[in-house]
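See structure below.
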Amino acid sequence: MCSTCGCGEGNVRIEGVEPHSHEHHHHHSHDHDHHDHGHHHDHDHHGHDHHHEHKATPANTVHKYIDKSEQKHKHNYETNGQPIIVHHHYYHNSGDVHLHFHNDTQLNETPVFHEHHHGHDDHHQHDHHEHDHSHSHSHEHAHDHSHEHSHNHQHDHEHEHEEQFSPVIENQNMHYGQGEAGTHAPGISQKRMLKIEMDVLDKNNRIAVHNREHFEQQNVLALNLVSSPGSGKTTLLTQTLKQLAQRVPCAVIEGDQQTTNDADRIRETGVPAIQVNTGKGCHLDAQMVHDATHQLGLQDNSVLFIENVGNLVCPASFDLGEKHKVAILSVTEGEDKPLKYPHMFAAADLMIINKIDLVPHLNIDIQTCIESARRVNPNIEIIALSATTGEGMEAWLAWLESRLCA
């Protein structure tokens, strides 16, 4: 997932919120008569004794989680057309999922044993600077500080070695997602990537919990709309708002890397909307939603539609505090998308198959698409519709009404 690279950090822009700079420059002009600082530091540093042992057992894996719990299960790497096995790991009871997708042969690895001993005995002496300033208020300061620090720390810990990762190769196919982290990044070990992901999701999910509590207090139904670019999310949303906003207050958070095009389209319906531009980022996160909701202002007993950045990968992992994820799939994308991007459809409660008015012009089997989604997520609900012609919209609006009453 993209948490291994920290995409988009520092590139977020929310409409109506001025960018914040955390870099401060101070310039002071003083005339001082004399400062004399004498500093002495003695450091007797520590020695380290490191011991490493690694045994690669891909078929029997233990997953450790933020709450210190562990789960152990056997991974069966066979592809035979059976239902896709996706392991869901929930963080902070927030509804977010961490997914492990297994459908290939296991990689044979040889147990590796490493032992490292490090000894450090460093001595530092520092003789600090003198300052000569001319000041209109005649001051003289003399400082003589002597510091001695002696540190003796003995560490004996066991930790993972930065192992070299190799993809699974079978029948001229290379699989980089079969490792412990489910992905690959040059120069970063599987364990390190997994730790980064868990750290990022932990921070995100704490904010998502806050968002969810806020929505529940106001009785706001928050929906996270996810899809690839061009699936018809915004068209579906505008048509939905034209009918739903007459009966219940609605608001929209629009996520895109750049432009305010979609937010402008939403505002033409009379519904309040705020644009969140993520810059290089490929998904919204809980902090962005938190900031946007406070800038937007939400009415009690309302519906909040969060239109995520068009992407079938990264948004699957990030809980925003929503009640439901709704995955939107256009018939023009093909019937196999749920199998190609299983994490998104495994995390969704509802899949909307959009643009069904185009089916006569395409080589697509809707039933095969539904079966693909159910292989990944047997409990997913499915609605087929056309936002352009209105066919099937009644079922979607009825689904929304049922969630409002829940």
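Annotation: amide H of THR388 within the under-5 Å range of LYS355, sequence separation 5 or more or interchain, hydrogens built in the peptide plane. The ranking of GLU391, GLU180 from fewest to most other beta carbons within 10 Å of each one's beta carbon is GLU391, GLU180.
Overall shape: prolate for the stretch 219-405, with the ratio a/c of the largest to smallest alpha carbon gyration tensor axis at 1.5 or above and a/b above b/c.
Solvent-free Debye calculation, one equal scatterer per alpha-carbon of the stretch 204-268: log10 I(q)/I(0) at 0.13, 0.25, 0.26 Å⁻¹ equals -0.45, -1.19, -1.22.
How high is the relative contact order of the stretch 219-405, in percent, with contacts defined as C-alpha pairs under 8 Å that are six or more residues apart?
With pairs under 8 Å counted, the relative contact order is 25 percent.
Taking amide hydrogens as placed 1.01 Å from N in the peptide plane, the amide H of ILE382 sits under 5 Å from those of MET351, each at least 5 positions away in sequence or on another chain.
List every residue whose amide H lies under 5 Å from the amide H of SER330, counting only residues 5 or more places away in sequence or on a different chain, with H placed 1.01 Å from N in the peptide plane. Amide H neighbours of SER330, under 5 Å, 5+ apart: ASN354.
Peptide packing for 297-304, 352-359, 364-371 was compared via the average number of neighbouring C-beta atoms within 10 Å per residue; ordered from the highest value, the list is 352-359, 297-304, 364-371. For a test of the definition: using alpha carbon positions, the gyration tensor, and the 1.5 limit on a/c, classify the stretch 302-406 as rounded, prolate or oblate. Oblate shape, in that a/c is at least 1.5 and b/c is the bigger or equal ratio.
Cβ-to-Cβ counts within 10 Å put ASP349, ASP285 in ascending order as ASP349, ASP285, the fewest first. Given the pairs LYS203/LYS242; LYS191/LYS325; LYS280/LYS337; LYS242/LYS337; LYS325/LYS355, which are separated by over 26 angstrom at their Cα positions? Listed pairs above 26 Å: LYS203/LYS242; LYS191/LYS325; LYS242/LYS337.
Computed from the coordinates by the stated procedures, all read-outs in this text should not be read as laboratory data. Fair warning: this is a prediction, and the values are worked out from it, not measured in the lab. In this analysis, Cβ positions are derived from the backbone assuming ideal geometry, glycine residues included, and neighbour counts consider all displayed protein chains.
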